[in-house]
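One structure below.
The values are calculated or read from the model by the stated rules, or taken from the named source; none is laboratory data. Just so it is clear, the structure is predicted and the values come from calculations on it, not from any experiment. A quick note on method: Cβ atoms are made from the backbone with ideal geometry, for glycine too, and the neighbour counts reach across all protein chains shown. Just the protein is used for accessible areas: all its heavy atoms, side chains included, with ligands, DNA and RNA removed. Shrake-Rupley method; radii C 1.70, N 1.55, O 1.52, S 1.80 Å.
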Amino acid sequence: MDKKVKVRFAPSPSGDLHVGNIRTALFDWAYARHTGGTFLFRIEDTDRSRVTDEYIAAAIDTLKWLGLTWDEGPEVGGANGPYLQSQRLDIYADWARKFIDQGDAYFCYCTPDELEARREAQRAANEAPGYDGKCRDLSPQEIKDYKEQGREAVVRMRMPAGETTFHDEIRGDVTFDHKFVPDFVLVRGDGSPLYTLAVAVDDVMMGVTHILRGEDLLSSTPRQIRVYQAMGLAKADYPLFAHLPFVMGQDNTKLSKRNGEVSIDWYRKAGYLPEAICNYLALLGWAPGDDRENITMKELTELFTIEKVNSSPARFDMKKLDAINGDKIRALTLDEFLAWTLPFMTNAGVISGSDQEIALVRSALPIIQERIVTLGEIPQMLKFLFVKKFQVEEESIPKINDGAAKEVLKRTLADLSPLQEWSHSEIEAVLRKSLIEEMGLKPRIAFGAVRIAVTGSTISPPLFESMELLGKTLCIERIESAISL
RNA sequence: GGCCCCGUCGUCUAGCGGCCUAGGACUCUGGCUUCUCAAGCCAGCUACGAGGGUUCGAAUCCCUUCGGGGCUACCA
């Protein structure tokens, strides 16, 4: 019981890691860190037709980006490696052989077509479909005949009559009657292992103490336990199970590409901060217990316990993620904010990355920090400071094209031209006096026209600060060209 | 169909027999502030799936029912 906690995250990357995967990874990580245990990262690539090296590399990259660092696994190594199942084939083969020798498993010569036909018949007869045990006790002659027919054999685990009860840390005791857990395949006809074998073998051999994983694996747990038995593991040494509730899409079905963005990489490219993603995901199926919702990674590791994990599924809500991301962005220091911003500015082609440009971005950041939800919005917002050939956006041109607006712009030009000190407070003071007091205009009207002329849009960062950043020359230039539109 | 899991505001949740005429957050609506957009502040709408029990007392315990989801592969 005082065994040191070891938690594993073991995805099968058949695509980019998605929101659900990462929620699981986050809980695994948080629990390991909370208990001072080990976080193990393993790649389940027993089906190499679905898992590619690119996906594996992407999974590693995503986890690193999120800050979910692991103590054992790819790249960092560890005493229980390798951590790619495709590199552990001999281990699984040895265990499969042992299971057959012990009589726990047997060769099954049924072809997929035969199996499917029999399942169909079972369904038609309203019986539970599943392996019927045909090859459980073949005679040597039958085996010989099958071999002569050139049939491939899979290795199948024998499920004895009875039932399996295990304690789920989130759901309590769960019992499965073996009538509904048919003999299952451990090794394919081509000799490659299946998840059913590899997952149990690895968890045992790698010393995993807690299995926190998706609820979809709940019903495969009896099979896993069956393998533990065959491995000779004492019941007291079984890992503890905790099946996490699903993260679902808006339409109440399992989250997928069809009902919202699911790829973590998409969120990364859109300008969500890893800490925001983790904070939001942590709130899906877990709550700290008090009314706190904005929590740091450090607080998460301090507060996270399995007892506080919910048993019911949660819907993924991008609106709330947006809100949290905005909060996290506002909490950034200027230097942090700048570091996050620069790649977005250069990737968007708004800046090339010169020191001068970076300095300008830096001085502009404070006035947009509270105005954005994602980093991806920044280029559009600061573009007016960098564009080579400035243009007023099409739909705003009419608003500065009438007589009244022209008057405002002419007056602005006249009052600003002689200005010596080009500061936002000075600009504001001058314009308020002339446009608002002397011309008697509403601020909204007067400054709106100037805004369009200078930034090209009806929506912009605060006007006077923007003008200061733009510089006097460019401001005058833009106002002049607006007047002659 | 069978087996298993789940069921509090639109969404995420707090709640583990009396503190609940059910609290917080996001969304939404209205207002304040205001140079646009935001941010911020204030206010408001909206929930214990249903029916039976147990109990002095139930969102909290039990049963039934309805609803949702998962599994039912030589995927994981």
Original post:
Does any residue of the stretch A:359-367 turn out to be in contact with a strand residue (DSSP E or B) (Cβ under 9 Å, 6 or more places away or on another chain) and either farther than 14 Å from A:Phe27 by Cβ or in contact (Cβ under 8 Å) with a residue 60 or more places away in the chain (or both)?
Top reply: no
Original post:
Would a scan of the stretch A:248-265 turn up a residue that is more than 19 Å from the chain's Cα centre (by Cα), more than 12 Å from RNA strand B (Cβ to nearest atom) and not hydrophobic (A, V, I, L, M, F, W, C)?
Top reply: no
Original post:
If you go through the stretch A:229-247 one residue at a time, do you hit one that is among the small types (Gly, Ala, Ser), part of a strand (DSSP E or B) and more than 9 Å from RNA strand B (Cβ to nearest atom)?
Top reply: yes
**OP:** Report those helices (runs of 4 or more DSSP H) wholly inside the stretch A:74-164 carrying at least 3 residues which are surrounded by 14 or more Cβ atoms within 10 Å (Cβ to Cβ).
**Re:** A:89-102, A:112-124
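Condition check ((1) in a loop (DSSP other than H, G, I, E, B); (2) among the polar types (S, T, N, Q); (3) in contact with a Gly (Cβ under 7 Å, 6 or more places away or on another chain)) across all residues:
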| residue | (1), (2), (3) |
| --- | --- |
| A:Lys298 | no, no, no |
| A:Ser311 | yes, yes, no |
| A:Lys320 | no, no, no |
| A:Asn325 | no, yes, no |
| A:Lys328 | no, no, no |
| A:Phe337 | no, no, no |
| A:Thr346 | no, yes, yes |
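Residue-wise test of (1) open to solvent by 60 Å² or more (accessible area, probe 1.4 Å); (2) free of Cβ contacts under 8 Å to residues at least 60 places away in the same chain; (3) not assigned by TED's automatic domain parsing to the domain that holds A:Gly36.
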| residue | (1), (2), (3) |
| --- | --- |
| A:Pro182 | no, yes, yes |
| A:Val185 | no, no, yes |
| A:Gly189 | no, yes, yes |
| A:Tyr195 | yes, no, yes |
| A:Leu212 | no, no, yes |
| A:Leu233 | no, yes, yes |
**OP:** Considering every residue within the stretch A:324-338, establish whether at least one is polar (S, T, N, Q), away from RNA strand B (no atom under 16 Å from the Cβ) and within 30 Å of A:Leu469 (Cβ to Cβ).
**Re:** yes
Original post:
Based on what the data block shows, is A:Gln85 over 17 Å from A:Phe184 (Cα atoms) and out of contact with any helix residue (DSSP H, G or I) (no Cβ under 9 Å at 6 or more places or on another chain)?
Top reply: no
Subject >> Leading residue by the ranking (farthest from the chain's Cα centre (by Cα)) among those in the stretch A:180-219 that are within 16 Å of A:Ser12 (Cβ to Cβ) and among the small types (Gly, Ala, Ser) >> reply: A:Ser192
Original post:
Within the stretch A:15-29, is even one residue more than 21 Å from A:Leu273 (Cα to Cα) and assigned to a helix (DSSP H, G or I)?
Top reply: no
Subject >> Residues located in the stretch A:42-88, provided they are of a type in the set (A, V, I, L, M, F, W, C) and closer than 18 Å to A:Leu197 by Cβ >> reply: A:Ile43, A:Val51, A:Leu84
Original post:
Is it the case that A:Ile351 is among the β-branched types (Val, Ile, Thr) and within 32 Å of the chain's Cα centre (by Cα)?
Top reply: yes
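Residues are listed down the side, and each one gets a yes or a no for (1) within 13 Å of RNA strand B (Cβ to nearest atom); (2) part of a loop (DSSP other than H, G, I, E, B):
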{"site": "A:Lys399", "(1), (2)": "yes, no"}
{"site": "A:Gly440", "(1), (2)": "no, yes"}
{"site": "A:Ile452", "(1), (2)": "yes, no"}
{"site": "A:Thr458", "(1), (2)": "yes, yes"}
{"site": "A:Phe464", "(1), (2)": "yes, no"}
Original post:
What number of residues within the stretch A:168-210 are acidic (Asp, Glu), over 26 Å from A:Pro245 (Cα atoms) and near RNA strand B (Cβ under 8 Å from one of its atoms)?
Top reply: 1
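Quick grid of which residues meet (1) basic (Lys, Arg); (2) not assigned by TED's automatic domain parsing to the domain that holds A:Leu233:
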site: A:Ala79; (1), (2): no, yes
site: A:Arg97; (1), (2): yes, no
site: A:Asp101; (1), (2): no, no
site: A:Leu115; (1), (2): no, no
site: A:Ser139; (1), (2): no, no
site: A:Glu152; (1), (2): no, no
Original post:
Could you say which residue among A:Arg42, A:Arg33, A:Arg23 is within 12 Å of the chain's Cα centre (by Cα) and not small (Gly, Ala, Ser)?
Top reply: A:Arg23
**OP:** Residue by residue through the stretch A:53-69, note down the ones that are more than 13 Å from RNA strand B (Cβ to nearest atom), open to solvent by 20 Å² or more (accessible area, probe 1.4 Å) and touching a residue at least 24 places away in the same chain (Cβ under 8 Å).
**Re:** A:Ala58, A:Trp65, A:Gly67, A:Thr69
Original post:
Do we find that A:Ala124 is in the same structural domain as A:Ala230 (by TED's automatic domain parsing), of a type in the set (Gly, Ala, Ser) and at pLDDT 95 or above in this structure?
Top reply: no
